[in-house]
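I have placed the structure first, in the form of structure tokens, so that the comments after it can refer back to it.
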Amino acid sequence: MKLISKISRIQELPPLDTEVCLLEQGLMCSGPATRSGCNSRCPNVGAPCIGCYGAAPGVLDQGARLMTAIASVIDETEPDAIDRVLDGLPDPAGTFYRFSLAHSLLRANRGAFKE
């Protein structure tokens, strides 16, 4: 089971171990919500996955799936402590929806607000 207590930028971390999950080392990685097919090229050289292959099969909203994946591995229970972990993400919307915002559930009801 993976647990994270801090999310850092890559330049803030010591050299990464490519044999250990990047999330567990404190680096934001989109791998848990991304379609495989690239053979993990980025993580295999110590760079985080950014989700460029799109959502995994059966995933309706890649950003929501990634948020859920990250939320499930945060090793904190108190709201303030959870906020401190998430403060390591400088641009959450850009991180979670980098390639999928146009097709996300966030836009699903856009027409409902038109008059």
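Listing for the model above:
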| item | result |
| --- | --- |
| Residue pairs meeting the criteria (Cβ under 8 Å; at least 6 apart or on separate chains; first without any contact (Cβ under 8 Å) to a residue 40 or more places away in the chain, in the stretch 1-19; second aliphatic (A, V, I, L, M) and part of a loop (DSSP other than H, G, I, E, B)) | 10/16; 10/47; 16/22; 18/45 |
| Any hit, the stretch 28-37, residues being open to solvent by 90 Å² or more (accessible area, probe 1.4 Å) and within 15 Å of the chain's Cα centre (by Cα) | yes |
| Filter pass, residue 77 being hydroxyl-bearing (Ser, Thr, Tyr), modelled with pLDDT of 90 or more and not in a loop (DSSP other than H, G, I, E, B) | no |
| Flag if residue 60 is aliphatic (A, V, I, L, M), open to solvent by 90 Å² or more (accessible area, probe 1.4 Å) and not in a loop (DSSP other than H, G, I, E, B) | no |
| Check on residue 66, open to solvent by 70 Å² or more (accessible area, probe 1.4 Å), out of contact with any Leu (no Cβ under 7 Å at 6 or more places or on another chain), touching a residue at least 24 places away in the same chain (Cβ under 8 Å) and not basic (Lys, Arg) | no |
| Residues of the stretch 25-48 classified as over 16 Å from residue 67 (Cα atoms) and either free of Cβ contacts under 8 Å to residues at least 24 places away in the same chain or aliphatic (A, V, I, L, M) (or both), total | 10 |
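The values are calculated or read from the model by the stated rules, or taken from the named source; none is laboratory data. From a predicted model like this one, the values you see are computed outputs, not experimental measurements. Glycine also receives a Cβ, built like all others from the backbone with ideal geometry; neighbour counts cover every protein chain displayed. These accessible areas exclude ligands, DNA and RNA; they are computed on the full protein's heavy atoms, side chains included. Shrake-Rupley method; radii C 1.70, N 1.55, O 1.52, S 1.80 Å.
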